[in-house]
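First up is the structure itself, then whatever we jot down about it.
Coordinate-derived values only; no laboratory data. None of these values were measured; they are calculated from a predicted model. Virtual Cβ from ideal backbone geometry, glycine too; neighbours counted across all protein chains shown.
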Amino acid sequence: MSRLYILLLILVSATTWGQSSSVANRYFEEYAYTKSASMYEEIVAEGDSSKVSLQRLGDSYYNIRNTQKSEPIFAALLAKYPNDVEAIYTFKYAQSLQSNGKDEQAKVWFEKFFEAVKNDKRAQRFISGINEVNQAKIPNAKNLGLVDFNSEYSDFSGFIQNDTLYWYSAHNSSGGKTYQWNDQPFLDVFASKVSDKGATANLLSENILNEVNTKYHEATLCITKDGKTMYFTRDNYDGRKLGKDKDKTTHLKLYKATLEEGKWTDIKELPINNDAYSVGHPALNADETKLYFVSDMPGSLGESDLYRVSIVNGNVSEQTVENLGDHINTEGSEMFPYLDAENNLFFASNGHPGYGLLDVFVATPLGDRYDAVENLGSRVNSNRDDFGFVVKDGVGFVSSNREGGVGDDDIYRFDFEKCTKALFGIVYDERTKEPLSGATVRLIDANGEQSQMLTTGADGSYRFDAVDCVAEIVITGEKPDYRSVKETVALNTPETEQDLYLNSLIVDDQIVLNPIYFDFDKSNIRPDAAYELEHIVTVMNNHPEMVIEIESHTDSRGNDAYNRALSDRRAKSTRDYLYSRGIATGRIKSAIGYGES
């Protein structure tokens, strides 16, 4: 049965400003993307194909993850403005294509995105600022401290296999020779037990010393999950003599060893080695199908680049060597790659913005490529060399020659976890002060995208226990038949309380709005009036049986007849706006102006 609701309009004269696009923009800026999508859809359908309208319509659908609709909009945007659209829209279009199962097309547009970004290397590298860290992606290193087996020489990590840390040191060279670069003994491989307190100094794997170490450099290794295959770096040494290039320089090479009856045997060079350049610093991806490494081979972009090669049937395929590209590599040095269980790529570089010399960076996977490179921040990095980052099960190690160490390079141990805070509160009805159940609470990140969402229970409470460690965050509250609310909350403490108060749009038999403003002596619907009337559209769509009656009034300026006529025109303009937004004619019983009475 229909119920009659009275829409009471308070009509006040004011100054004019923009039209329907202003209303859509306002909803967009309030993260009301479903509403803004609905309005931008009409704006574009009416012939407005401006860059802003297409971008915001596409963004509205993209942010609510309606990629079926964002895909054609981004396609139209890129086709109409091929040279005047930010590269991020190429990325969003590629993601929309991929989400819709169009992998080959998506691959083309992902390549275009990377091509567009890499053309401006300085903008790419410094866009986030020299020392900024994206706390939303990068876990937090805590309790950084020296391990107890650092020496006066170079000691650095590393690789973690089960509960063993493999590390490298010049403190006890098996050959007694010294390396002329730094006048220290050559590096050897060591292994120590990882404990709750870090790592203990006692050596655990004498077979590594006996079978892998030589009188020259051995360092940087990785071992397969089954423990049977090791890849490691060694000077170009065959057990008898050092190999050299035409300039008499000895380079690094990668070797493979197999564990048989508890001993590393069958040590072989990898086919990607060459006497003319260095190949070293191995790391495996999560499924052990790719071996990452460092080289200065011809075609490198800088002093040393990160590469990867496929492993096919247990063998390295030299035909598949791939430079990771200038999204990762720079004109400087990239080295010490490490991949965690999610294939996040950690590496050291002096070519990306940092604190000085080598810093540790991370690149998150995006399909078969990598997303933006980010600095791990001052809890890991210093203004000196920082490198050799590894982590497993919340325990990590990093190496540094920063001040306060024991010797040259030293190994530091830390706890590695995602930095989070808690945000909680209660959603109330503003008028009754009663808690609201069934309210939707959302967290909006710095990109305007929803990061978390929940619905309040019977007591109206909400709680997010894993809010990223940012300075502030936007939170929104919404519920059918209520005016949505948006708050920017400062996260200054581990736990922050923020209550939300929603204004009901229905009180008794009236739909409650803020005052509807018209220009002096005018009856056209202004953008701010349209914004308020959209609440009526929402309420009536929520209640298909609802029938309303529009009554409008004016102030006391003008005579009675003039005011009645003006208010009547305004009532009917309001009715016509609701018709234009899809409200059926039979659902508006009347629209009458009563002047100042």
- Item | Unit charges at the beta carbon, dipole of region 462-597: most positive-side option, N541, Q510, A591 | A591
- FRET efficiency for V512 and Q105 from the Cβ-Cβ distance with R0 = 35 Å, rounded to 0.05, comes out at 0.10
- Summing +1 per Lys or Arg and -1 per Asp or Glu among the other residues with Cβ less than 13 Å from A106's Cβ gives 0
- Item | Packing-based ranking, highest mean first, of 421-428, 154-161 given that Cβ atoms within 10 Å are counted | 154-161, 421-428
- Query: Quick one: Cα centre-to-centre distance for region 308-336 and region 560-592, in angstrom?
  - Reply: 68
- Note on the structure: Residue by residue through region 254-264, the couplings from Karplus 6.51 cos²θ - 1.76 cosθ + 1.60 with θ = phi - 60°, in Hz, x for Gly and Pro, are 9, 10, 10, 10, 10, 8, 9, 6, x, 10, 7
- Message: Around Y292, under 14 Å between beta carbons, what's the net of Lys plus Arg minus Asp minus Glu among the other residues?
- Response: -4
- Task: Using Cα positions and a limit of under 19 Å, work out the aspartates and glutamates in reach of K102, with same-chain residues fewer than 8 apart set aside.
- Result: E71, E111, D368
- Here the gain from full extension of F424 to Q68, 0.36 nm per residue of separation minus their alpha-carbon distance, amounts to 124.7 nm
- Message: Checking the a/c ratio against 1.5 first, then a/b against b/c, what shape does the Cα gyration tensor give for region 420-503?
- Response: prolate
- Message: For a test of the definition: using alpha carbon positions, the gyration tensor, and the 1.5 limit on a/c, classify region 347-418 as rounded, prolate or oblate.
- Response: oblate
- Theoretical FRET efficiency, 1/(1+(r/R0)^6), r = Cβ-Cβ of E545 and E449, R0 41 Å, to 0.05: 0.70
- Task: With only Lys, Arg, Asp and Glu charged, each at its Cβ (+1 for the first two, -1 for the last two), find how big the charge dipole of region 420-503 is about the Cα centre; round to the nearest 20 debye.
- Result: 140
- Note on the structure: Here the gain from full extension of E115 to E331, 0.36 nm per residue of separation minus their alpha-carbon distance, amounts to 76.1 nm
- Of K225/K256; K193/K253; K244/K268, which ones are farther than 25 Å apart at the Cα? K193/K253
- Residues R431 and D459, FRET efficiency given R0 of 22 Å [Cβ-Cβ distance, rounded to 0.05]: 0.75
- Taking the Cα centre of region 19-107 as the origin, how large is its charge dipole in debye, to the nearest 20, when only Lys and Arg (+1) and Asp and Glu (-1) carry charge on their Cβ atoms? 160
- Task: Would you mind calculating the gained length between E29 and E288 on full extension (0.36 nm times residue separation, minus the Cα-Cα distance), in nm to one decimal?
- Result: 88.8 nm
- Separation of the E472 and K228 label points, Cα + 7 Å toward Cβ, nm: 5.8
- Note on the structure: Proxy exposure order for C469, C222 (fewest C-beta within 10 Å first) is C469, C222
- Task: Specify whether the C-alpha gyration tensor of region 274-393 places it in the rounded, prolate or oblate class, a ≥ b ≥ c being the square roots of the eigenvalues: rounded for a/c under 1.5, otherwise prolate if a/b is larger than b/c and oblate if not.
- Result: oblate
